Amino acid sequence: MKFTKMKKIDTEKLISCPYCEAVNIDEGKSIYCRRCKTKITNTQESNFHTAWAMVITAMIFYIIANIYPILIFDKFGHPNGNTIIGGVIALWEEGEYPIAVIIFTASVFIPLLKFILIIYILINYKKPQKGSKKIDQAKLYHFTELIGPWSMIDVFVVAILVGVVHVHSIQIKAGIGATAFVLMVFFTMLSTLSIDVRLLKESKDAA
Amino acid sequence: MEDLDHLIICRHCQTLQKKVTLKENEVAKCSECGEILYKNASMVFHKTLALSIAALILFILINIFPIMEVIIAGQKNELTILQMVSRLFNEGFIVVGSIVVVILFIAPLMLLLFFIIIGILSHFKVGKNIVRKLLILVVALRNWVMLDVFFISILVALVKLFGYAKIIFDVSFYALIFFVALDIFTLKNIKPIELWNYYFEVYENEKN
Ligand SMILES: [Zn+2]
Ligand SMILES: [Zn+2]
């Protein structure tokens, strides 16, 4: 009984609500989830121009965050800037290998990986893809979503150091790089919000 | 329309499949990619209510007592989240200060309060619309609670301070460890769909 009923629904038109995961029918225009009543952005409504603008802005902030110091050490009136890469190299030279690797992965590698994936989605959104390649991409995307928060490590480290090192002889201040880094994270988030990430796995060989 | 409630689309590979009814401790996995789709989650709001009350007590401790004391050149500084934020603001780092206060203070506090309100309202089966709106916020807010990342950041900061500072761990450091454990092993483990299935069970059951 249920089986025959299910056949009547066009499976290609079913989409899952990103907020509550209820299955909805995509009629093409604006859809409001039948369960949680939230507006679902579907493929037709994805704003690719906005997404491109946001991801390019994020990349510019990424470059600024890597050029300018995120932390300024001021020892006896001699300010000394620390960039992200400079900090990683210093940790490596001091023999703090695991922490150098963590910082490098979190601050340099994860944001780059996210840019590549978002650009990949934006370029390929019209080309349908099949089979296991599709699953790999989707898994990779969810993996970056999962590790995304860890890119905030360096910002928190700066905040902690600024918070606790406050004596006359040594002063620690945040640098422009830290602000740029936070803005980079923010714009990366906006770019994924303006597109439908389900594009990554469009056109299924219907089950 | 009711047919749609028997279907689920895997978040990871977008494969459409039929829901199955689960017994206690059972888990439904995707037939295509093997991801966990949902667990048996009856009474999930009672569980989140209890966990959130425990987490809220820890969160209050974390913000009242210093996480650690750092002594450099005879001068003592205490680390608390809000003191850290106020220093960033004083230095003019408004953007960094704002994001830190949202992620480390406002988001976790709101998440826990919302879970507590949902737990109480759903127990009495009242306030359907409020619970629905709070659930949307709760699912969005969960990605913004990063006290686990903050904890690792403390350890990284310690490495940078070891040379010239004496460090004393305070009550909140241990409270933070418990909070992170509670968050990772319980609250973050609950899938959004489990919350929504239970919402459906409590508030819309009469339609079935
Ligand atoms: Zn929904
Ligand atoms: Zn799957």
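Key figures
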read-out: Acute angle (nearest 10 degrees) that the helix B:192-203 long axis makes with the longest principal axis of chain B, alpha-carbon atoms; value: 50 degrees
read-out: log10 of Debye I(q)/I(0), alpha-carbon scatterers only, for region B:38-102 at 0.23 Å⁻¹; value: -0.98
read-out: Peptide-level mean, for B:77-84, of C-beta atoms on other protein chains within 10 Å; value: 3
read-out: Accessible area expressed per residue, the protein assembly as shown, with surrounding protein chains retained (probe 1.4 Å, Å²); value: 48 Å²
read-out: 10 Å Cβ neighbours from other chains, averaged over peptide A:144-152; value: 3
read-out: Cβ crowding within 10 Å averaged over residues, with A:161-170, B:85-94 ranked highest first; value: A:161-170, B:85-94
read-out: Rg/Rg_globular for the protein assembly as shown, with Rg_globular taken as 2.2 N^0.38 Å and Rg from C-alpha atoms; value: 1.08
read-out: Burial order of peptide ranges A:185-193, B:10-18, B:73-81 (average beta-carbon count within 10 Å, highest first); value: B:10-18, A:185-193, B:73-81
read-out: In degrees, nearest ten, helix B:81-90 long axis to first principal axis of chain B (Cα); value: 60 degrees
read-out: HN-Hα J in Hz across region A:74-89 - Karplus 6.51, -1.76, 1.60, θ = phi - 60°, x for Gly and Pro; value: 10, 9, 6, x, 10, x, 9, x, 10, 8, 4, 5, x, x, 5, 4
read-out: Interchain or long-range residues, amide H under 5 Å from B:Thr80's placed H; value: B:Ile67
read-out: Shape of chain B, Cα gyration tensor, a/c cut at 1.5; value: prolate
read-out: Given charges at Cβ of Lys, Arg, Asp, Glu: region A:21-110 dipole, positive-most of A:Gly28, A:Ile60, A:His78; value: A:Gly28
read-out: Mean Cβ count within 10 Å, highest first, over the residues of peptides B:193-200, B:133-140, A:70-77; value: B:193-200, B:133-140, A:70-77
read-out: 17 Å tail of the calculated P(r), region B:163-208, as % of Cα pairs; value: 61 percent
read-out: Dimensionless Rg ratio for region B:1-40, taking C-alpha atoms and the 2.2 N^0.38 Å reference; value: 1.14
read-out: Within 10 Å of each Cβ in A:165-172, the average number of Cβ atoms from other chains; value: 5
read-out: Unit charges on C-beta of K, R, D, E only; dipole of the protein assembly as shown, Debye; value: 1260 debye
read-out: Nearest-ten-degree value, helix B:44-64 long axis tilted from longest Cα axis of chain B; value: 10 degrees
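The values are calculated or read from the model by the stated rules, or taken from the named source; none is laboratory data. Fair warning: this is a prediction, and the values are worked out from it, not measured in the lab. All Cβ positions, even for glycine, are placed from backbone atoms using ideal geometry, and neighbour counts span all protein chains on display. Protein only, heavy atoms only, side chains kept; ligands, DNA and RNA dropped before computing areas. Shrake-Rupley method; radii C 1.70, N 1.55, O 1.52, S 1.80 Å.
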